[in-house]
Structure formats: C-alpha cells, structure tokens
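Shown next, in structure tokens, is the structure this report addresses.
Read-outs: derived from the displayed coordinates by stated rules, not from any lab. Here the structure is a predicted model, which means the values were calculated and not measured. Here the Cβ positions follow ideal geometry from the backbone for every residue, glycine too, while neighbour counts run over all protein chains shown.
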Amino acid sequence: MVLHPDRLFPADPATRRVARQLFAAVGDLPITSPHGHTDPRWWGENPAFANPAELLVIPDHYVVRMLISQGVPFEALGIGEGAETDPRAIWRCFAAHYHLFQGTPSRLWLDHALSHVFGLDTRLAPDNADAAYDRIADCLARPEFRPRALYDRFGIETIATTDSALDDLHWHRMVRDSDWTGQVLPTYRPDGVVDPETPGFAAALDRLGEITGCDTATWQGYLDAHRQRRAFFRDMGATATDHGHPTPRTADLPPSEAGALFDRIRTGRAGPEDAELFRAQMLTEMARMSVDDGLVMQLHPGSFRNHSAAVLSRYGRDRGFDIPQPVSFTAALKPLLDAVGMDARLRLILFTLDETTYSRELAPLAGAWPSLRLGPPWWFHDSVEGIRRFRQQATETAGFFNTVGFNDDTRALCSIPARHDLSRRADCAFLAELVVTHRLDETEAHGLARLLARDLAREGYRLDG
Amino acid sequence: MVLHPDRLFPADPATRRVARQLFAAVGDLPITSPHGHTDPRWWGENPAFANPAELLVIPDHYVVRMLISQGVPFEALGIGEGAETDPRAIWRCFAAHYHLFQGTPSRLWLDHALSHVFGLDTRLAPDNADAAYDRIADCLARPEFRPRALYDRFGIETIATTDSALDDLHWHRMVRDSDWTGQVLPTYRPDGVVDPETPGFAAALDRLGEITGCDTATWQGYLDAHRQRRAFFRDMGATATDHGHPTPRTADLPPSEAGALFDRIRTGRAGPEDAELFRAQMLTEMARMSVDDGLVMQLHPGSFRNHSAAVLSRYGRDRGFDIPQPVSFTAALKPLLDAVGMDARLRLILFTLDETTYSRELAPLAGAWPSLRLGPPWWFHDSVEGIRRFRQQATETAGFFNTVGFNDDTRALCSIPARHDLSRRADCAFLAELVVTHRLDETEAHGLARLLARDLAREGYRLDG
Amino acid sequence: MVLHPDRLFPADPATRRVARQLFAAVGDLPITSPHGHTDPRWWGENPAFANPAELLVIPDHYVVRMLISQGVPFEALGIGEGAETDPRAIWRCFAAHYHLFQGTPSRLWLDHALSHVFGLDTRLAPDNADAAYDRIADCLARPEFRPRALYDRFGIETIATTDSALDDLHWHRMVRDSDWTGQVLPTYRPDGVVDPETPGFAAALDRLGEITGCDTATWQGYLDAHRQRRAFFRDMGATATDHGHPTPRTADLPPSEAGALFDRIRTGRAGPEDAELFRAQMLTEMARMSVDDGLVMQLHPGSFRNHSAAVLSRYGRDRGFDIPQPVSFTAALKPLLDAVGMDARLRLILFTLDETTYSRELAPLAGAWPSLRLGPPWWFHDSVEGIRRFRQQATETAGFFNTVGFNDDTRALCSIPARHDLSRRADCAFLAELVVTHRLDETEAHGLARLLARDLAREGYRLDG
C-alpha cells in the first residue's frame, strides 16, 4: 500500500487516535490555495498535459535538483541544448533514481499523485517505469485529466496564481468569461518593476508607463502606475500582492530622498547600495498602498537565486539552484512598521527560509504588531518536519490566530492535493500532541484543525471580502 | 478539568509513568525565585490588589501584546489617553479574546492562576467572564490575597527583585524591619547608570555621585560609586547583579583608554560607537567587581526594546513590543573572559533570546569556562517547547551542572506557581525521556529533578552563602 | 546494567521494535572510520598505553573541559607546570566528578568503553575508582590491549588519520611494511602551510620547499609543492584531504592577483584581510587539485580555536576551549563552486558546528550541487540529539544519498566502538520513526540502515576506488 491511511500521524497510539479523529473531520475540506505558481494558461485554455515527463519531471525543480545532485546531467532530464527529447527516456531516468527521494517530501507528494491522481498502486521503480508511463500517458489524453477537471476533482474552491505587474491577465479573463465555476485569482507580483537588478528593468518601467499611461520617468508617476495596476488586479479578483526580495530590508525615506533615489536608478546613475535601498523603500510604498486598497501583502525574502552561474546560463532559472541565506527581520522591518504597522488595514504575511527566525523574530513580531501574520513553512520547509518545527517554534509566542493556514506554493498541479493532505496531517499530529499532553481540549483542537486546514487561509487572504 | 494532573508529561505511557514519579517528588518543593520583576512595594507595604484587570491583564505584556496583535486597541485594555477605566469592561474584553492564547504558555499560566489561586474550575470564556471577575474581586478584598500571604501560600522561600542602582531599597528595608519571614532580596541592575543611551543618563550619573559621595565626573570616581552601591545592595541581601544590554559585546580597554571613553561620554563628546563600547567595557568592569565582592552576574542581551516608536510614545515601555535579534557570544565575551573568566570567584549567568546560541555557543562556553553558567530559557522561550529545546540542545555539551535551575522572571505574581510548575513538569518530562531511552538511571534522574527544581538555583545564585 | 540493549531506541514500543530490528542487522557491521585523529604512532609502533589516566582522561578534551568548567584545576588532571603526576590521583579526581557527564555523549562513550573494552560492569563512581583503575591498568599491560589488537577486536576495517602536509608518514609506512592487515590511511591536512596565521608559517613553507624540491617562494612553485605532497599522500593510501578553516569563505582570484597575494604574504607585506583571502583562495585551489587527483575534500569550518588566551599559553591547544561561531556557506562557497562545483570529479564534504545551516544552507546546497556531500554531525553535535537534529533537518531536502555515513573524528581509541554504536542506534531510531509514520517501507529502512552504518562512508570517501 503506497498511501497508508495513518501516514504522518504520531507513533504513540493514544496520540495517533486523536490525530486520526481530527483529520477525519478536515481531510476532505475544500482546498483553498491562496499562493502558488500554477500556470494561468492551464485555467484559461484548459489544455491537455503533453506527457508524464513534462507534467511530473522536467518542470519540478525539487525533482531536477535531486537528480543533478547525484550526478545525473540536465540533458538526461530534457533540459538544455542537445537534451534528451524522448519523454519516456526521461521518465525512465527519473524512475531509476526514485530511491533518492526516500525521506523527502517530494517522495510523499509523488507517491500521492501517482496513486491518488493516476491510480498507480505500487511505488514507482525501474521495473514498473514503463507501465506507469503508459498509464499516466493514457490518463493525460482524457478530458478528465485536463486542468479544470483536476481542479474540480481535487476539491479546490479557490486558487491564486502569481503574476507579473505587466501581465494583461488574459488567461484570468478567459476563466471569468467561461462557464466554468472555478475561482482563479491573480496576485500582483511587481518584482520585475521594483528590483533595479532585474535584467531589462528600464524597459519594464517603460512598458509599465505605456500600459498605465503614467509617466514612469518620475517617482510620482511610477507610484501612480503601481496604484493603477493594483486596481486592475483587484478588479480581476486579486486579494494579494507578493514580493520576492533578497532580504527583508525596508526603508521609509523622506519623499524627496525617495524621489532622488528613483531618479538615480531611472537615469543609470545608481550607486552600489541603491538597488537594495530602492527595494527597501518600495516595500514601504507597497505597504502604504495596501493600507489604501486592502490588498494583502506577502513577503518572501532570503533566497540567493541562481547560485550556480553555469546552471543559470546554460539551463535557466528555477532549476533547483536557489539557496537560502541568513535573514533577520527585526531591524529590517522597523521602517515599514513604524510607517504603517499599527494600521490594521495593512496585512503583511511574512515567510522565511531561515527557520531560526521563527521563535526569535517572526513569532514575537506577529504576536505584537496587528498588521503582521505568519505564512506557513515555505519551500524546503513545506514538509512533515518543517511544519512540526514551525508549529513548535512559532505557536507558543504567536498563537494560532496570527498564522494564515497553508499555502501549497506550487507549480506542480498534481501535487496540490498531496501537499494539503500532508499539511493537514502534520497539523492534526501537532494538535493531537497538545491534546494528549493536556495543553488543549479535544473540542478546541477540532476547532483549530478546521481553522488551520482552511478557514485561516480564507480569512488571512481576505478571500471572503 | 482545567488542570489535568498529567499535563505536560510525555504521551508515551512508560515515559509518562517515569515523569509522574519524578514530578511527585519535586512538584511541591519550595519555590526559589532568584530573578524576577515583582514590585518591591508589594513585599514592603503588602497592599491589596485593586481588581482583576489591574492584577491579571493590564500589566501583563504577554497578554496585552497578543490582544493588540489581533486588533484590540490599547485603550480597550485600559492603556493610554482616554482609555477604558472600568476594570470589568477590560476584563470582559480579555475574556472575549481568551481563545487567542490556545497553545501558548500564557494560557497555561492563566489557567493555573485562575484555578489554583482563585479556585475557578472552568476555563475563562465570554459567558463566565462576569462570574470570574466577581470571584477574583471578592478574593482580592481578603487579607489572604495580599502579596505576603500569597508568597507564603505559594511556598516561596526566596524571591529576588530587580532594582535600579539608584534605588534606596526602602521597600526591602520595610520587609527586613517587619516580622514577616519572607526572604525578599534586591538585585543590582545598573543599566540606567551604565548605558549612555538611556534617557536622563547624565542626570542619573549626577544622582549616583550624590548618593555615594563619589565624584562621578571621573572614571575612577564612577567606578568607586558602583563599588559602593554594590556593597549597599549586598548589605541589603543582594547576591546578584543583572545587566540588560542590546548585545553581549564586552571590551577590556587599557585604563587610560577606558577613562578617555568615559570622559567623552560624560562631556557629551561621544562618537557614534562610544555608547556600545562603553557598555562593553562596563560589563568587564562589573565582572571584575564581581570577582571582588562575589555578586553573581547575570547578562540578558539581545532584545530590540520598544520596536514600535508609536507604541513607545503613546503607551510607554514594556507593552510587548520588545523583539529579539540575532546575537553571538563567542567573540563578544572573549575580552571579559580573558580578563577574569578563569577565576571561579566570578560567576556569570548567560541568558539568550536567540536559541541558535544554545548548542552553537552557550553550551560549549559554559562547558569549558569555570565562571560561566547557563540561565534557563528566557521570556518567549520560558515555555514547554522552549524548555525542551534548551535541554535537548544544551545538555549534551554543558551537562546539567552548568545550568542554574529555573527563573520565573516575572512581574505577574499569580503566575509564579504556574511557571515553576510548568518548568518542573517540563524538566521531569525531559529526564523521563533520558531514563526510558537508557541514558540515565532512574535514581540519577531523581537527583537531577531535585537539582533542576530548586537546588541548582540556590547554588547558582549563591543564596546559601 | 551499564549498557542496556535497548539504549537510545525510541520510547514508543512499536517504534522501538522496528529500531531494534534495523539495528540487529547493522550493529555488528565492520567499522569504517574515514576521518579521525588517532595517533599514527599507535598503528606503526603498536605500543602499550601507559595507564588509565593517560588513555582515558588527560588527552580527552571533552572530559577535561567539563571538569575545568566545574572548577577542577588543569593541574589536578595532570596538565601544566607542577601538575599532578600520579595517574591514580588523576583517575580518582575524574571518578569523583563522573556525575558531571550525566546526559552527555561523553558519559555514553565512557560507559561503553569501560564496559565493552575493559569489562567493568558497574558505572564508574568514587567508591569503585580504584578497582576500575586496577582493572584497566592490568588490561593495558596485556598484548590484547595494544592498539592493533584493539583495532582488530573493534572490527575496524579502515581507519584514516589526519596528518600534516609536511609529515613523512613513516608510521603509515611502518604499518604497510608490517604483516598486520589493518588498513590505516593518511589524510592530507595542509592547514599549517595554507593558513598564514599559523605560528611558524614561513618556516613551514620553507620546509615544504625542501621536501618537494619546489620553489615555495613563488605561487606556482607553492602550488606544485601541494600537488607533489598530495600525490605522495595518495601513494600512501590517502583518499581525502581535510581543511580546518575559521570560516567557509572561498575565493577565485585571477591568477595574477592570487600570485600577488601570495607574494605579499610570503614577503611579510600582507594586509589585515590577506590571511582570510589567502585561505579562501587556497580552498578553491585545493578543489581544483581534487578535480585532478580525485582526493575527496573535507571542510571543517567555524571553530574559534583557543578561546582562552590564558589556557592556550599555560596548557596548550586542544584543551576544550574551542568555541563555535555562526557561519554561512551560501555566499562563501559560491566562488569555489562556480569554479569547479558542477564537476562530479570533485567531492567536497561539508561539516558544520552551526546547526542552523543544516536546513537553511547545507541541505539545499548538497541537494543541488553534484560535488557536495554532507558530513555527519561534528564534534559537539556527534550525540544522540545532535544526530536526530541532523537527520530531521537535512534529510527532507538533501535525502540520504547526499550524506556520507558516520565519522567518529576521535583521538580517543577506546571510544570508537561506542561512537559507531551510538550513531548506528540513533540512525536506526530515526529510520524506525519514518517507518512507523509510514514515510518509508521497512525494507527500504533496512537498506538505508546499512548505507548509513557503513556503505555511504566507503562510497563517500572513495575507499573502494
């Protein structure tokens, strides 16, 4: 049996019993996915997926990096010049290395997807690779394996995508104009027009000006352009913005200094510190706009993107070579918070790749500032042990109500039920431990299980208005 | 049942049995509270507490910050201009938000206080808020709920307060002059005359000169004034000093440089780094004085105090807006330790808000330097999970004997039994785990349980001479 | 019973059963010890150990520091001028303080050695100190307690020592020339000729030139000398190099700058940053040589050596006063990795004393770069809790196959079986937890237990060619 019904529940029998009961009531709740990276085209156009390798291997940076780490060349995975083009060969390579995932969340997600989505009842292995390939390929040819059908089958009620500030959101419009009832919301991610170190930044600002009719050669025009784009995203259903920054640094310069900084950047006279300072200032500007328009703000800091120059130049971005760095929020967030942090109209959800910040900084911050909430464990920490550490390290100071439920944060559609299943089980396991050690009543735990599985996500992202 | 007799014991039945036995022998030991912030007036004057809100809500920064974090205004909690003045209304607001504390130590402490101190046998909730208020208010009017009676009833044998270097300790004198047998000791906390960034620092140094008759315009006179005050505190029963610094940095400048630094600060010519350097130098000076007079030295570093400028200016200090920052002790403490760290007459107890230092720095330091001991988990980490992490991360390198038992560190009188109960249970749970995994014999665990519950605190703070 | 057969297995009965079964199959596997500090003379000359104190107390920095931390003078342990010279007196002092080790890995190792190696069936205590001393002393006089006999009896199949780049490896030659079948391999540790801050660095470079016939006054001659020495070590059986650096910083300067840097250092004109930059550059040079000659590279960064100036000057190095500091690998390793990190001929094994890097940096790095592997928990973290934290924090991102089994890393011969026993038990406990929570099948766990106990060490260090 690939998926044991008691998987991820605590070993102790009494605790397991409680976890099982808690999970029984929340395991099948609808899925709210308020932050992720599914392709809007899927939802707009509803295409068939091409083949098992293109669905499950090539675009999954968790899978790719693990195989690379053990000496598999990118080319064998269909990536790069002269790469393998036969999806079955790529799939066999994946199956031959499937043991590498023992003990990882990728294994749990993949096992779940293969079993739950495609009905494979033995674990992937070299000797069943072809049969699995054929089975999945057959499925993908059928209408019930197209994206919208999977959305419905997975019990998704709301999903958010993450979109460039310059995006015209035509796939989202296509969803709206269709008779399909799925709720697909865009998210305003302005990094490309906020981070001066993005390749093509100047052109992106020109484009931002064209789209909005604002003069993005001036600081005020540039801010107005953001306001317009945010309003457009909000009209298209967005309830949130998202900001991926190297650090959580914020700044709140006097307007004249901020304007002068913008001018230096816009005219190519930026000094070495200016890019970081501008990103810092823009977080505060975005927070001010959130106070006005109510969009929930998300901050995902601390990733050293594209750690390998060679991998970036040969194989591109998002290949599993983004490595976390130490971060500290306490001093970094103070300028933004002193500007607008006591205003409950602002909601700023903080994420981290540096788990040391859970108990040291994030829980104390979210346990005091009314504008702050804690996002769920992110990326490498979206895992059984990662979720346990988060709950153990954040709950005692921040409580449960300063957290916002689960994000799957994925571009891998078939992993969505697996990830929510995993997080719900992990949270029920944590709650069961609190019950059995008499830190919570069982009724309280039932209430919290539901909040963590669904309701806090809806409330945290203002999905119900 | 609000307080389950097995609360906080491990889930595994065999481990729980051992924990229960260990706790049975130490749960009722007298309470030694060698570091905390109870109001000396309570002990000197023994007043009645005004009402439930002023006892349990308004002054508790853990409670206040959690409610603020979820959008309750300070004014609803009786804090700030135009605030609510009806204590019952404040209490109802607190009760209406009591669910926010699920999973936090505040909930465990408050449940314990309401049940254990005031005999309430159902958990606080909106629908019993008034009844609870009435019951507590009735109690507070009775002599057996005055501070000294609670001290006796709680089984406290020694409690230390934390007092300004300029304090005349008249409340302590009042205790001494009374026929009450409680042992209330002052602690020398000189931050206000050591940290040049304290508001009113210059005036405080003048006052220090007046009190002592020393010329605090000179470096030597200033040091002499400290020596005098320390002697006075020692005469009044103090066995310890306490130092709350932004960082653990220490320095050991040549006397002429230290003198010149003091002159720059005293005459308003301090450079931007001088305040931090002066605090660093003063830690070493205090350590040298501890070698001479035997006062145990405590260092509490790493809090970014008053993180919100608005909260500080409108509502004052200690409102729950102190946020930890990363710290490192290894290089920071070396100057002090090279000066006097091998001298066993020095005892320096280290605390941290940055748990990463437990295994990386604090346990290796305390496991080598004869002058160093580790304080218990502090503030946000004074919790079930926090205590477990401390024991798991510090014990293997520092052992048990380089730790100093428990500190409740509280200004909330009624939480004292709860906090000691919690720490004793958490320590017994940890020891039980060692027994059941055959890392300790059960007899050894019994000995250690007693040390952790009481004896190491008395020895560590030199309370028995 | 000092050594319980179920020691270190999980408390939960079902999990314990699985752990027991896993351990039954790997507990007695031969010991591969690919990194450590045993004295090569032991293996070459096979001398008798002098007495219990010189075997088990004086050279063990874990033991010494713990006694020092509780006020025992170095002299009472036979260290320093005018020190105690009677080994029995030293032993008695050790026995009198044996309770200090409760809860530490030293206690587990010592209990194991006393019981397993010397057949003592009660735990060391003041009242059996003399009897234990006599028993051990008797043993040490017998041939079966000489180093080679212990190697055989312990079931060691391969052991590596750690040797200066200038060493002539004559003890290793003596082993080779003997008819003893033990496999003792040297390891190339060039710190003394790589770190300009080593006392006697210039003379060491001269000596390196003499030994190799290379002109170590020039950058190219200096690099050639390394190549020669590495080839010599390889001829003598080495499969690895080892690098103990204050930080993991690396650099990849253009050759002309690297040469100029070397010239500044060689001619005594080095600036304040040059030593760190040179160490950083040399890590990349060593990595390049590893690409060529296949020696596995080990990096042990982050120890603040000789934290007490007084202890260093009076009692020397390796007395337990080496204290970890925060480290970060992400930015630090990028220059080396961009130079040769995608080349699978390079194998670089990373160690850390800063556990925060496990989940934040090391697992993501090793889970992507094909050249990187993770060493086992090092030094203070080579312990039950340390191993658990490592597995819990690294496995989900790096998997098992990017780790290299266990290192005992010890200079304490009699602790070798104890340390491998402990790590095998701790790993089986971790695997059992994965089995019982349905994250692994039991057959998979059996395969992994064997890999973690032995096979990954052999593969990771390229011991089988």
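With label points set 7 Å from Cα along Cα→Cβ, the inter-copy distances at A:Asp121 are 5.5, 5.5 nm, sorted shortest first.
Counting partner chain Cβ atoms within 10 Å of every residue's Cβ in C:65-74, what's the average?
Values: counts 5, 7, 1, 5, 14, 6, 3, 2, 3, 1.
Mean partner shielding for this stretch: 5.
So what are chain C's ellipsoid semi-axes, whole angstrom, largest first, if each one is the square root of 5 times an eigenvalue of the alpha-carbon gyration tensor?
Working: eigenvalues 251, 164, 89 Å².
Rounded to whole Å, the semi-axes are 35, 29, 21.
Nearest-5 percent of antiparallel DSSP beta bridges in the protein assembly as shown?
Working: 6 of 69 bridges.
About 10 percent, rounded to the nearest 5.
Tally Lys and Arg at +1 and Asp and Glu at -1 over the other residues with C-beta under 9 Å from the C-beta of C:Ala238: what net charge comes out? Neighbourhood net charge equals 0. By the count of other C-beta atoms within 10 Å, a proxy for reagent exposure, C:Arg266, C:Arg173 are ordered fewest to most as C:Arg173, C:Arg266. The packing ranking of peptides A:188-201, C:326-339, highest mean first, is C:326-339, A:188-201, where packing means the average number of other beta carbon atoms within 10 angstrom of each residue.
Considering helices alone, the calculated mean residue ellipticity of chain B at 222 nm is -13500 deg cm²/dmol, with DSSP H runs of length four and up weighted by -39500 (n - 2.57) and normalised per residue. Taking square-rooted eigenvalues a ≥ b ≥ c of the alpha carbon gyration tensor, is the protein assembly as shown rounded, prolate or oblate, where a/c under 1.5 means rounded and, failing that, a/b exceeding b/c means prolate? Judged from the Cα gyration tensor, the protein assembly as shown comes out rounded (a/c under 1.5).
Restricting the count to DSSP beta bridges whose residues both fall in chain C, what percent are antiparallel, rounded to a multiple of 5? The partial results should precede the final answer.
Details: 2 of 23 bridges.
For chain C, the DSSP antiparallel bridge percentage is about 10.
Given 0.36 nm per residue, what is the gain on full extension from B:Arg411 to B:Asp138 after removing their alpha carbon distance, in nm? Numbers along the way, then the final one.
On the way: separation 273, 0.36 × 273 = 98.28 nm, distance 2.21 nm.
Going from the current span to full extension adds 96.1 nm.
Using a Förster distance of 22 Å, how high is the FRET efficiency between C:Arg269 and B:Ser256, based on the Cβ-Cβ distance and rounded to 0.05?
Details: r = 31 Å, r/R0 = 1.43.
After rounding to 0.05, the efficiency reads 0.10.
Relative protection proxy for C:7-17, B:440-450, A:137-147, from highest mean packing down: C:7-17, B:440-450, A:137-147 (other beta-carbon atoms within 10 angstrom). Per-residue shielding of B:107-115, expressed as the average number of other chain Cβ atoms within 10 Å of the residue Cβ, stands at 1.
At an R0 of 56 angstrom, the distance between the Cβ atoms of B:Asp28 and C:Ala131 translates into a FRET efficiency of 0.90.
Computed from the C-beta positions of C:Ala217 and B:Asp292, the FRET efficiency with R₀ = 60 Å rounds to 0.65.
Across peptide B:96-102, the average count of Cβ atoms from other chains found within 10 Å of a residue's Cβ is 4.
Among C:Thr397, B:Thr352, rank each residue by its count of other Cβ atoms within 10 Å, from fewest to most, as a rough exposure measure.
On the way: C:Thr397 31, B:Thr352 26.
If I rank by nearby Cβ atoms, fewest first, I get B:Thr352, C:Thr397.
Give me B:Phe233, A:Phe101 ranked fewest to most by other Cβ atoms within 10 Å of their Cβ, as a rough exposure proxy. Intermediate results must be reported in sequence, preceding the final value.
Values: B:Phe233 26, A:Phe101 23.
Starting with the residue having the fewest Cβ neighbours, the order is A:Phe101, B:Phe233.
In nm, one decimal, shortest first: how far is the label point of A:Glu257 (7 Å from Cα along Cα to beta carbon) from the matching points in the other copies? Those separations, rounded to one decimal, come out as 3.2, 3.2 nm.
Specify the inter-centroid distance of region C:286-361 and region B:110-137, based on alpha-carbon positions, in whole Å. When both Cα centres are located, 56 Å separates them.
For region A:286-316, the residues whose backbone nitrogen is under 15 Å from a point 7 Å from the Cα of A:Ala231, taken along Cα to Cβ, are A:289-290, A:292-295. For the peptides A:305-311, B:244-250, the ranking by mean Cβ contacts within 10 Å, running from highest to lowest, is B:244-250, A:305-311.
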